[in-house]
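Single-structure report; data block below.
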Amino acid sequence: MDKIILQRKSKLKELIETGVVPYPNDFKTNTDTLELHNTYTDIELDTKGVPYYSIAGRIISIRNFGKAAFFHIQDGTGQIQCYIQKNLIGEEIYGLFKKFDIGDIVGIGGSIFFTKTKELTIKVEEVKLLSKSFHPLPEKWHGLKDIEIRYRQRYLDLLINPEAREIFRKRAKIIQLLRDFLIKRDFTEVETPMMQSIYGGAIAKPFKTYHNEMDMELYLRIAPELFLKRVIIGGMDKIFELNRVFRNEGISTQHNPEFTLLEFYQAYATYEDMMELTEEMFCFLAQEVSEKLTFEYQGQVIDFTPPWERITMIEAIQKYGGISEGVLIDQEKLIKLAGSLGISVDGIGIGKIITEIFEATVEQHLIQPTFVTHYPTEVSPLSRKNDKDPDVVDRFELYIYGREIANAFSELNDPVDQQERLAVQQKERAGMDEAFHQMDEDFITALEYGMPPTAGEGIGIDRLVMLLTNAPSIRDVILFPLLKEKRTE
């Protein structure tokens with residue numbers, strides 16, 4: 001490898017000695033490969049007298065034939081073949097071209113024609129080196145398969161694997177569609193702090209930082225929820241934020257320490273309204289991205305056709321976990337069941353035990369879109385209690401392919417109840433988490449000014465993109481996922 005790099009550096013030096021300006025920035029394009037392929041689709045088309053095109057891209061293959069060569073270039077929209085001939089371009093320029101390598105970025109000028117094999121090709125009349133590649137590209141015919149390299153050197157993954165480029169184009173499209181969907185329904189996009197002196201809005205361990213000038217400890221937010229509710233209190237009735245959150249926790253195929261979260265809130269709405277909106281939103285996305293409501297994810301057909309199943313947590317445990325109602329209402333039997341499932345019950349209440357039994361026995365069965373409702377109040381400190389049963393709250397989580405995709409609830413807007421529940425949560429976390437922090441008293445004060453009845457929802461964008469792009473790991477849909485430092489021996 002070192003020998004190849006030295007050879008390529010030597011070639012650049014030779015080019016410079018002949019008068020070539022290294023790394024110029026004066027080449028202008030007037031087309032791209034996609035436009036050319038879309039313009040010239042008829043192989044019988046007479047291409048005589050066609051315009052002169054200027055295009056730029058990376059050389060990805062070269063076939064030399066002595067006094068002529070075929071090569072392919074790749075730009076951001078695709079690939080196209082080029083044909084360069086010594087007699088046409090001149091000995092001097094052709095000699096310079098012979099020093100070009102696969103991976104070099106070049107500017108091309110010329111007209112187009114179809115070869116005998118019916119391939120659209122640029123007849124090169126001008127060629128200019130724009131950037132020299134010192135490293136050889138991975139072998140393109142087999143693609144870049146090494147997962148470690150794909151994540152650690154994403155630029156190579158994007159260069160070699162068109163599927164990777166397509167994932168991130170789709171990701172951008174999905175995010176834009178989400179914004180369009182909400183804005184069309186009169187939601188206003190807002191921004192709230194990513195550095196917070198008091199973190200909240202979720203149960204998670206934060207990343208710490210420090211502001212030197214203000215001499216204060218800060219936390220990267222684990223959720224924007226408490227600030228977004230302040231905006232609702234301020235009189236903006238329909239809002240959303242789509243941005244990063246940070247949680248200092250584990251890494252897996254479904255978890256990355258920083259991830260993208262969409263949160264939206266609507267005053268004078270309930271969690272049931274959120275279910276309707278979510279169903280409509282996801283069907284809209286599927287139609288726009290996949291052009292249908294059914295698609296395949298990891299070998300499983302997912303069907304977004306409404307209506308989606310709605311089931312309470314207790315009903316789900318009975319239906320999918322095969323656990324009788326008698327066990328669920330008997331504390332002794334419930335604790336025994338939890339132990340058999342490897343669930344520690346020390347220091348946690350019945351609501352938490354039921355939730356963990358649900359996670360252990362039910363989640364993996366929820367393949368098709370399913371709204372699981374009526375979560376225990378104990379595990380939902382920011383949610384409004386159900387009017388008929390105060391032990392549960394007006395909340396749902398949306399599961400698809402056994403994964404939580406969205407979490408929503410009717411918001412708790414009673415400041416007294418909220419303060420009491422946060423105090424309980426604070427007490428529980430004090431002995432468990434060194435990141436325990438003080439209660440957000442200003443949020444309680446804001447609630448005391450009066451928050452309208454409101455419903456809110458959070459959607460994990462990375463998991464949603466995984467689903468709509470058939471990506472097996474969250475690292476496949478994050479351009480630069482966090483990785484351990486590469487150790488050198």
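The values are calculated or read from the model by the stated rules, or taken from the named source; none is laboratory data. From a predicted model like this one, the values you see are computed outputs, not experimental measurements. In this analysis, Cβ positions are derived from the backbone assuming ideal geometry, glycine residues included, and neighbour counts consider all displayed protein chains. Areas reflect the complete protein model, heavy atoms only, side chains present, ligands, DNA and RNA absent. Shrake-Rupley method; radii C 1.70, N 1.55, O 1.52, S 1.80 Å.
For region 210-251, a residue qualifies if it is of a type in the set (A, V, I, L, M, F, W, C), touching a helix residue (DSSP H, G or I) at 6+ places or on another chain (Cβ under 6 Å) and either over 16 Å from N407 (Cβ atoms) or not in a helix (DSSP H, G or I) (or both), and the qualifying residues are I233, I239, F240. With respect to (1) surrounded by fewer than 12 Cβ atoms within 10 Å (Cβ to Cβ); (2) over 21 Å from the mean Cα position of the chain (by Cα), the lone exception for K205 is condition (1).
Scanning region 168-218 for residues that are touching a residue at least 40 places away in the same chain (Cβ under 8 Å) and among the β-branched types (V, I, T) turns up I174, I175, T188, V190, T192, I198, I203. Please specify each residue of region 127-158 satisfying the condition of being surrounded by 18 or more Cβ atoms within 10 Å (Cβ to Cβ), under 14 Å from I60 (Cβ atoms) and in contact with a Pro (Cβ under 8 Å, 6 or more places away or on another chain). Residue satisfying the conditions is L144 alone.
Number of residues in region 173-205 that are assigned to a loop (DSSP other than H, G, I, E, B) and either in contact with a helix residue (DSSP H, G or I) (Cβ under 8 Å, 6 or more places away or on another chain) or more than 14 Å from E263 (Cβ to Cβ) (or both) equals 14. Looking at (1) within 19 Å of the chain's Cα centre (by Cα); (2) open to solvent by less than 40 Å² (accessible area, probe 1.4 Å); (3) at pLDDT 95 or above, which one does K173 not meet, given that it meets all the others? Going through the list (1) within 19 Å of the chain's Cα centre (by Cα); (2) open to solvent by less than 40 Å² (accessible area, probe 1.4 Å); (3) at pLDDT 95 or above, K173 breaks only (2). Where strands (runs of 3 or more DSSP E) fall wholly inside region 253-319, the ranges with 2 or more residues that are under 27 Å from F187 (Cα atoms) and under 21 Å from the mean Cα position of the chain (by Cα) are 258-267. Here is a check on your reading of the model: is I353 free of Cβ contacts under 8 Å to residues at least 40 places away in the same chain, closer than 30 Å to Q300 by Cα and over 27 Å from the mean Cα position of the chain (by Cα)? So I353 does not fit the description; no. Residues in region 12-34 that are more than 28 Å from L120 (Cβ to Cβ) and of a type in the set (A, V, I, L, M) were compared, and the one that is most open to solvent (accessible area, probe 1.4 Å) is V21. Taking region 298-340 only, how many residues are out of contact with any strand residue (DSSP E or B) (no Cβ under 8 Å at 6 or more places or on another chain), in contact (Cβ under 8 Å) with a residue 12 or more places away in the chain, of a type outside the set (S, T, N, Q) and open to solvent by 70 Å² or more (accessible area, probe 1.4 Å)? Result for region 298-340: 1.
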